[in-house]
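Working notes, structure below.
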Amino acid sequence: MRYCKIPDEAVRRLPIYLRGLLFLSEQSKKSISSQSLADFLGINSWLIRKDFSYFGDFGTPGVGYNIEKLIKHIKKILKLHVGHKVALVGTGNLGRAVLAYPGFRIYGFDVAAAFDSDPKKNGRKINNVVVENISKLGRLKKGKIDLGIIAVPGDAAQEIADALVKAGIKGILNFSPYRIIVPKKIKVITIDIAMDLARLPYYMRSN
């Protein structure tokens, strides 16, 4: 399997499928057709089948998909079959919300470390995570933390990204509105809530 040839949009939809399948599994459902999964998720069934076809043949004609097996397949594709520890940098309003968010657990993420440049915040415990000074980011090299979340003001984002890369982080979720530059081997996903909100009025019907 050559992941480099798989459309990024297909990869983006895999966590959506996984979340839906995990919910269905909790409802004791054993199998599901692509059409039923499509109806449940609000996604076209042909698109679901096409996305899965990039990674293999997971369904059975006339039966559909075994939910538990499909969950395992998707987790392995996304490399979620092993847990991932995450470091958060920035414990302002957004950072605290990230630490309090329970949704990471269903994908096997553990926000295990938090850092902030404000000395007044150092030593505080937020959701059982002790906030450390940014100067200690280097300790991540010795741990098993491979992902980082940046929740700092935009003008500090690049400096923090550089420090995370130097500390051995392999992937970064960037909440700052600034573009950060990292080596090609490091994957960065940027989320700008305000920018996404700015798209909504376009789709609204005029009175």
Cβ-Cβ FRET estimate between residue 105 and residue 69, R0 fixed at 22 Å, reported to 0.05: 0.50
List the relative contact order of region 3-77 as a percent without decimals, with contacts defined as Cα pairs under 8 Å and 6+ residues apart. 38
Looking only at the chain, where both bridge partners belong to it, what percent of the DSSP beta bridges are antiparallel (to the nearest 5)? 20
Contact order relative to length of region 126-207, as percent, for alpha carbon pairs under 8 angstrom and 6 or more apart: 25
Just want the ordering: 195, 204, from fewest to most Cβ atoms lying within 10 Å of their own Cβ. 204, 195
Cα-centred dipole magnitude for region 45-100, charges only on beta-carbon of K, R (+1) and D, E (-1), debye, nearest 20: 160
So, counting K/R as plus one and D/E as minus one, what does the shell of residues with Cβ under 14 Å around residue 33 add up to? +2
With the 8 Å Cα cutoff and a minimum separation of six or more residues, the chain has a relative contact order in percent of 13
Toy charge model, Lys and Arg Cβ at +1, Asp and Glu Cβ at -1: region 3-77 dipole around Cα centroid in debye, rounded to 20, equals 180
Rounded to the nearest 20 debye, what is the charge dipole size of region 84-195 about its Cα centre when +1 sits on each Lys and Arg Cβ and -1 on each Asp and Glu Cβ? 460
DSSP H helices in the chain with Cα extent of 27 Å or more along the helix axis and mean Kyte-Doolittle hydropathy at least 1.6? none
Dipole-positive endmost among 181, 169, 153 within region 84-195 (Cβ charges, Cα centre): 169
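Since every read-out is calculated from the coordinates, none of them should be taken as a lab result. These figures come from a predicted structure and were not determined experimentally. All Cβ positions, glycine included, derive from the backbone under ideal geometry; neighbour counts span all protein chains shown.
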